Amino acid sequence: MRQETTLTEFIIGEHRKYSHATGGFTALLNDICLACKRISHLIGKGALGGALVAAAGENVQGERQMKLDVMANDIFLRTNEWGGHLAAMASEELAAVYPIPAQHPRGRYLLAFDPLDGSSNIDVNGTVGSIFSVLRCAEGVTAPAAKDFLQPGTEQACAGYAIYGPTTMLVLTLGHGVHGFTLDRELGEFMLTHPDLRIPAATSEFAINTSNQRFWEPPVKRYISECLAGASGPRAKDFNMRWIASLVAEVHRILMRGGLFLYPKDSKDPASAGRLRLLYEANPMALLIEQAGGAASTGRGRILEVAPEGLHQRAPVILGSKDEVGRIERYHGEHERGVDQPYTSPLFNERSLFVQQ
């Protein structure tokens, strides 16, 4: 009988490839995984746990909080603050950097996280998840501030997410491929079930919130209209459209079977460059997607190369199958050069009762 590899065994095996590894990073990832197990247990109780109600206020983003948002954030902080591996943390739910309490030792890493992505799905028992990104703290910094987190995504030491669906999975990259682990509830361990995930370069499935169509930029309108035209349009094939309103769920589907996810720049809020947060949503997901053979772009360039300017900075996100991301980037370039030729479906052309003779 074959024995499955646990997440801890996998991480230790990876670190043994490097002579300078100290084991601290393995311990940090174990703490992050424990936080995800605790959140999974809490979510599994549903209404029985008393967490499926709105909290008293809003988070720093001005978004309505669910009680579960607050509880998941507290779980992440309490589970990761004491181990001595972190110098500081940053969360979607907190306006400022969270310093490690004085009674705990400090380490060399920074942790940025979204404790509960997709919380609008909570009250309908939809899929939610947690996203995390680990960065290195600069040498000599003993009291990290927001500026210490402002590193491009290329500097991430690792990134991952937990998805709380019919099964709980943790998907992780250490910079050498992407691997999926399924929580064995009887053993209480994450077991390696999806090694070396790869994204096909081509796809016929995309995910976008079409209620924002009137705010999209022309290149995005062009791309979506071509997809919707199907086999009779310029792409000469039919596309399927999905939308779950959970970044974790969308990215997980792409890693499992390919596809494309778009939350592009639009004119709905002119003061914001995008919707998703760069440091703890866009960057970790972009690293996962790239490590699985896909691409992740703002529409105008690689997400991982964006220089962060703020802790809660937002960014446009287009990620998934490499060919489709490349096509959308090309459409943006053509539009900015004034050489694009947007496609308009005959179904939406203006019509007249009068035909000029």
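What follows is calculated from the coordinates using simple rules that are stated; it is not laboratory data. Just so it is clear, the structure is predicted and the values come from calculations on it, not from any experiment. Ideal geometry is used to build each Cβ from the backbone, glycine not excepted, and the neighbour counts take in all protein chains shown.
For segment 110-208, what is the Kirkwood hydrodynamic radius in Å, using each pair of distinct C-alpha atoms? Don't jump to the answer; show the numbers that get you there.
Working: mean 1/r = 0.0629 Å⁻¹.
Mean inverse Cα-Cα distance, inverted, gives 15.9 Å.
What's the FRET efficiency of residue 8 with residue 193 using the Cβ-Cβ distance as r and R₀ = 22 Å, to the nearest 0.05?
Working: r = 15 Å, r/R0 = 0.68.
Plugging the Cβ-Cβ distance into 1/(1 + (r/R0)^6) gives 0.90.
Over the alpha-carbon set of segment 37-195, divide Rg by the Kirkwood Rh and report the Rg/Rh ratio to two decimals. Mind dumping the intermediate values first?
Values: Rg = 16.1 Å, Rh = 16.6 Å.
Ratio value, two decimals: 0.97.
Can you give me the three principal axis dimensions of segment 209-273 from its C-alpha atoms, in Å, biggest first?
The Cα atoms of segment 209-273 stretch 37, 27, 15 Å along the principal axes, largest first.
For residue 82 and residue 334, what is the calculated FRET efficiency with R₀ set at 51 Å and r taken between the beta-carbons, to the nearest 0.05? Don't skip to the end; give the middle numbers.
Details: r = 53 Å, r/R0 = 1.04.
Given R0 = 51 Å and the Cβ-Cβ separation, E is 0.45.
Which option, (1) 85, 43, 37; (2) 55, 52, 41; (3) 86, 50, 45, is the value of Cα extents along the principal axes in Å that was calculated from these coordinates?
Read-out taken from this structure: (3).
Might you report the magnitude of the Cβ-based charge dipole of segment 240-327 about its Cα centre, with Lys and Arg at +1 and Asp and Glu at -1, to the nearest 20 debye? Intermediate results must be reported in sequence, preceding the final value.
Numbers: 12 positive and 9 negative charges, 38 e Å.
With Lys and Arg at +1 and Asp and Glu at -1, about 180 debye.
When only DSSP loop residues count, what GluC sites (Glu not before Pro) in segment 88-166 have their Cβ near at most 15 other Cβ atoms within 10 Å?
Of the GluC sites (Glu not before Pro), the ones in loops of segment 88-166 whose Cβ has at most 15 other Cβ atoms within 10 Å are 139.
Quick check on segment 167-299: of the DSSP beta bridges with both residues there, what percent are antiparallel, nearest 5%? Walk me through the numbers on the way to the answer.
Values: 11 of 16 bridges.
Antiparallel bridges make up about 70 percent of those DSSP assigns within segment 167-299.
Measuring from centroid to centroid over Cα atoms, what is the spacing of segment 255-288 and segment 114-147 in Å?
A separation of 15 Å, based on Cα centres.
Pairs of alpha-carbon atoms within less than 8 angstrom and 6+ residues apart define the contacts here; what relative contact order does the chain have, in percent?
Working: 727 pairs, mean separation 52.3, N = 357.
For the chain, the relative contact order is 15 percent.
Taking the Cα centre of each part, how many Å lie between segment 187-228 and segment 299-319?
After rounding, the separation between the Cα centres reads 17 Å.
Can you give me the Rg/Rh ratio for segment 164-205, using Cα atoms for both radii and the Kirkwood formula for Rh? Show your work: numbers first, answer last.
Values: Rg = 12.5 Å, Rh = 11.7 Å.
Answer for segment 164-205: 1.07.
Using only Cα atoms and rounding to the nearest 10 degrees, what angle (0 to 90) does helix 322-337 make with the longest principal axis of the chain?
60 degrees
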